[in-house]
Amino acid sequence: MMQSRLKELSKTIFKLTAAASITALTMTSTVSAEAMPGKGVEITPIFPTIAEERFRGEIAIAGLEALGYEVEEPKETEYATMMLALSYGDADFSVHAWEELHKTFYKKAGGDDTLVKAGNIIPGVLQGYLIDKKTADKYNITQLTDLKKPEIAKLFDADNDGKADLTGCNPGWGCELVIDHHMKAYGLEDTVSHNRGSYFALMADTITRYNEGQSILYYTWVPQWIAGVLVENKDVVWLEVPHTDLPDGNNEVNTSFNGKNLGFAVDQIQSILNKEFAEENPAATKFLSLVQISASDESAQNLRMQNGEKSMKDIKRHAQEWIAAHQESYDGWLAAARAVK
């Protein structure tokens, strides 16, 4: 009789233990799924070919991997092609779309029908024209249109053709279209040459000329390492334009910074996704909508690259260091992404 009761009790304990184990496994599996909503999903980034813009991409990749996504090696191309690749589903996301500068690329690639703008990864991005402060002060040059005067233009003539040499923008970046438009709109075609090619090689020559005491004229944007080498109001100054005049005719957009009309929209760099991928992967979309770094942080990282820390290993390390320095925000982005249903 006693043995029979012991057997029954043993069976009951076994059943309860088994049930508890199954419940625990189920709960563990649920927690794991919630922590890794992207598990088993491959995701393909697409970035520009500019090494200085890889830093923010590595921050985004690290977060997506933390969510369980299998991130493929990023594709690299120019901005207009990048938009088309995202639209066609040849890539899933980028963190390199300028809202105003690349607006035409975005619309031509399908716009909101095939793409999703998730969030502003870098707000407050500036573009414009600068000259060395010494020349600006000596000749009282404040306006881009001061270069219409042949005697002023010749101050920036690096190749002795009588025209000012403007270090400009690579074909395919979008900014070259604005510069070319400005040359016509402000009547500068006869006195200014827009020099295009490999931007950073041209800027290396520009910086060399500055260090030799020569006058310089160039286009740039912030965030970027150049702002750490040619420092605003110490080495160089922004030139103003007399009025806003942009290629798309949208001249109501804000182009002013610190009281100066720089001629380019004060922009923001956005995270952008293929629409179908975004709808099927709400955790990735949420994370990419929240990732944000400052222009000054990216400029500082770019300067480290210029000073020699420019390998992919270095860039990945810079991204991990940035994450560690912003751990609370970063963890909050991941928690918000994991909470999306």
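General remarks:
- Nitroxide proxy distance, nm - points 7 Å out along Cα→Cβ at K134 and D245: 3.2
- Cα convex hull of the stretch 228-289, projected area averaged across orientations, nm²: 7.1
- Rg/Rh (Cα only; Kirkwood hydrodynamic radius) as it applies to the stretch 125-261: 0.92
- Among K316, K138, K75, residue whose mean-square fluctuation peaks in a GNM of the chain (springs only between Cα atoms under 10 Å): K138
- Enclosed volume per residue, in Å³, of the convex hull spanned by Cα atoms of the chain: 155
- Förster radius 22 Å - calculated FRET efficiency between F200 and S311 (Cβ-Cβ, nearest 0.05): 0.85
- Mean shadow area of the stretch 252-336, taken as a quarter of the surface of its Cα convex hull (nm²): 8.5
- Sorted ascending by nearby beta carbons within 10 Å, beginning with the fewest, R56, R196 become R196, R56.
- Selected from I122, I293, I46 as most flexible by GNM, with the chain as the system and alpha-carbon contacts under 10 Å: I293
- Using a simple spin-label model with pseudo-atoms 7 Å out from Cα toward Cβ, K107 and E279 lie 2.4 nm apart.
- Å³ per residue enclosed by the Cα convex hull of the stretch 46-98: 77
- V236 long-range amide H proximity, modeled H, under 5 Å: K133, V231
- Expressed in units of 2.2 N^0.38 Å, where N is the residue count, the Cα radius of gyration of the stretch 77-170 is 1.58.
- With Rh defined as the Kirkwood radius, the inverse of the mean 1/r over Cα pairs, the Rg/Rh of the stretch 182-284 is 1.07.
- Cross-link table K103/K163; K103/K310; K75/K117; K103/K313; K117/K310, entries beyond 22 Å C-alpha to C-alpha: K103/K163; K103/K310; K103/K313; K117/K310
- Over the chain, relative contact order from alpha-carbon pairs under 8 Å, at least 6 apart, %: 25
- Per-peptide packing, taken as the mean over residues of other Cβ atoms within 10 Å, places 216-225, 231-240, 252-261 in the sequence 216-225, 231-240, 252-261 from highest down.
A short reminder: the numbers here are calculations on the coordinates, not readings from a lab. All values derive from a computational prediction rather than experimental measurement. Cβ atoms come from the backbone with ideal geometry, glycine included; neighbour counts cover every protein chain shown.
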